[in-house]
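First up is the structure itself, then whatever we jot down about it.
The values are calculated or read from the model by the stated rules, or taken from the named source; none is laboratory data. Source: prediction; values computed, not measured. We place every Cβ from the backbone using ideal geometry, glycine too, and count neighbours over all the protein chains shown.
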Amino acid sequence: MRYVKILPILFAFLLVFSSFIILVEKEPKKNDESSESNNEEKVIQPEQAVEVSHKELMNLGYFTQYWDQDVTSSNSLQNNHQYMNQIAIATYHVTANGTIDGFNPQESIDFANKKGLKTYATIQNQFDSDVANRILSDAHLRKTTIDSMLQLVKTNGYTGLNINFENMYANDRENFNQFIKEVVKVFHEHHYPVIVSVPAKTGDFPDWEWSGTFEYKTLGEVADYIQLMSYDQHGTWGEPGSVAGVNWVENVLQYATSKIPSEKILIGLPAYGYDWNLNNSDENKAVSWKEVETLIEKTGAEVQWDSASKSPYFHYIADNGDKHTVWFENEASIKNKTELVHKYKLAGTSMWRMGLEDESFWRTVQEGLDK
């Protein structure tokens, strides 16, 4: 869910992926025997499907489940559902043959639907450029993939679909546009809205490997919503800095709103930060919203505030003598970004990911949306 990694080489990508194996790993683990799996078809008839409305501000959380007993997102849903009105289930991925694989948390889907949340099936490519290329460049495989996604949405009682393909080849740009056009056409025939996730950028650079595939204008014209991954401005692959500085986020939004109708855009909010080991970059890692406070208390660090990015950070020295710098999000930084929804007249917010946060995160987002 989805976060921006501007990585010049594959090594850097693998570094991030390994550091996020628990916190933000996007590879769901398949489990055909889980008690939450359910083969019974739960079809939403077209006339019952939720129509797209841009009147209510969206507050969407990304739900993950990586193994059988991973209940972090499930617990967050149980505890914080009253704050959100949308949920994207990011536990599925497309295979090279156009089928959909992954874990199906049916109990959580049913719970969300019962509580009145709109539910989206998030389909990922697991950062696999070759799988994406194989599907996007083959009309038959595109159709197979679309049919598979439609069956998944129908069977499991989803409100709609979220496409979250990342790390694609830049030369797949036109193929991706065509794929999204075909997806939206079919899903609209069945009255299902479509959200497309896109990396953050401040201009159009078609040759860039990470973001070049995404042509904001075309995607914004076709999709019902664009989920803007406006985070990972800095990360474990580079120098320390804000995860989503408000000044950078505004630059991203200024470009995005010049190409995409603002009422279709969901700003992305991170429920995590990064801990850089200044003596050994191999030990750079992600830290969750919930972990940061414990780390501050343990190290006795003094939190500082960067006025330009409106982001908190601190330094500490580990027991082995290594120097660390941590940039993270707190209530003040999240509220500043949430309030941009009003400034730019956006559709609402999205957050990565449920389970990294606690109620204070959601309460802060709600306060910003209610302003």
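Within the set Ile123, Ile146, Ile100, the sole residue that is without any contact (Cβ under 8 Å) to a residue 60 or more places away in the chain and buried (at least 22 other Cβ atoms within 10 Å of the Cβ) turns out to be Ile123. Cβ-Cβ contacts under 8 Å between residues 6 or more apart (or on different chains), taken from a first residue in the range 316-327 that is within 19 Å of Trp237 (Cβ to Cβ) and in contact (Cβ under 8 Å) with a residue 12 or more places away in the chain to a second residue that is among the small types (Gly, Ala, Ser) and surrounded by 13 or more Cβ atoms within 10 Å (Cβ to Cβ), are listed as His324/Ala318; Val326/Gly273; Val326/Ala301; Trp327/Gly241; Trp327/Ser242; Trp327/Gly273; Trp327/Ser311. So in the range 187-209, with the set limited to residues that are farther than 18 Å from Gln227 by Cβ and either touching a Leu at 6+ places or on another chain (Cβ under 6 Å) or among the aromatic types (Phe, Trp, Tyr) (or both), which one is surrounded by the most Cβ atoms within 10 Å (Cβ to Cβ)? Among them, the one singled out is Trp208.
If we scan the range 184-200, do we find a residue that is touching a strand residue (DSSP E or B) at 6+ places or on another chain (Cβ under 6 Å) and in a helix (DSSP H, G or I)? So far as the range 184-200 goes, yes, one or more of its residues are touching a strand residue (DSSP E or B) at 6+ places or on another chain (Cβ under 6 Å) and in a helix (DSSP H, G or I). Quick check: anything in the range 299-317 part of a helix (DSSP H, G or I), at pLDDT 95 or above and farther than 26 Å from Thr257 by Cβ? Yes: the range 299-317 contains one or more residues that are part of a helix (DSSP H, G or I), at pLDDT 95 or above and farther than 26 Å from Thr257 by Cβ.
Of the residues in the range 264-283, how many are touching a Leu at 6+ places or on another chain (Cβ under 7 Å) and either part of a loop (DSSP other than H, G, I, E, B) or over 28 Å from Thr72 (Cβ atoms) (or both)? Spell out the reasoning first.
Taking the range 264-283 first, the residues touching a Leu at 6+ places or on another chain (Cβ under 7 Å) are 265-268, 271-272.
Retained after the next criterion (residues that are either part of a loop (DSSP other than H, G, I, E, B) or over 28 Å from Thr72 (Cβ atoms) (or both)): 271.
Looking only at that region, the number is 1.
Quick test for you: out of Phe111, Phe179, pick the one residue that is surrounded by fewer than 19 Cβ atoms within 10 Å (Cβ to Cβ) and outside any loop (DSSP other than H, G, I, E, B).
Details: Phe179 fails: surrounded by fewer than 19 Cβ atoms within 10 Å (Cβ to Cβ).
The conditions single out Phe111.
Determine, yes or no, whether Ser350 is under 23 Å from Gly203 (Cα atoms), in a loop (DSSP other than H, G, I, E, B) and either out of contact with any Pro (no Cβ under 9 Å at 6 or more places or on another chain) or modelled with pLDDT under 95 (or both).
On the way: under 23 Å from Gly203 (Cα atoms): yes; in a loop (DSSP other than H, G, I, E, B): no; either out of contact with any Pro (no Cβ under 9 Å at 6 or more places or on another chain) or modelled with pLDDT under 95 (or both): yes.
So Ser350 fails the test.
Scanning the range 247-257 for residues that are buried (at least 18 other Cβ atoms within 10 Å of the Cβ) and in contact with a helix residue (DSSP H, G or I) (Cβ under 9 Å, 6 or more places away or on another chain), we see that the one that is nearest to Val222 (Cα to Cα) is Ala256.
Determine whether the range 146-158 contains at least one residue that is more than 18 Å from the chain's Cα centre (by Cα), more than 20 Å from Glu215 (Cβ to Cβ) and in a strand (DSSP E or B).
Checked against the condition, which is being more than 18 Å from the chain's Cα centre (by Cα), more than 20 Å from Glu215 (Cβ to Cβ) and in a strand (DSSP E or B), the range 146-158 yields at least one hit.
Among the residues of the range 258-278, is there at least one that is surrounded by fewer than 16 Cβ atoms within 10 Å (Cβ to Cβ), of a type outside the set (Ser, Thr, Tyr) and over 25 Å from the mean Cα position of the chain (by Cα)? The answer is yes, given that some residue of the range 258-278 is surrounded by fewer than 16 Cβ atoms within 10 Å (Cβ to Cβ), of a type outside the set (Ser, Thr, Tyr) and over 25 Å from the mean Cα position of the chain (by Cα).
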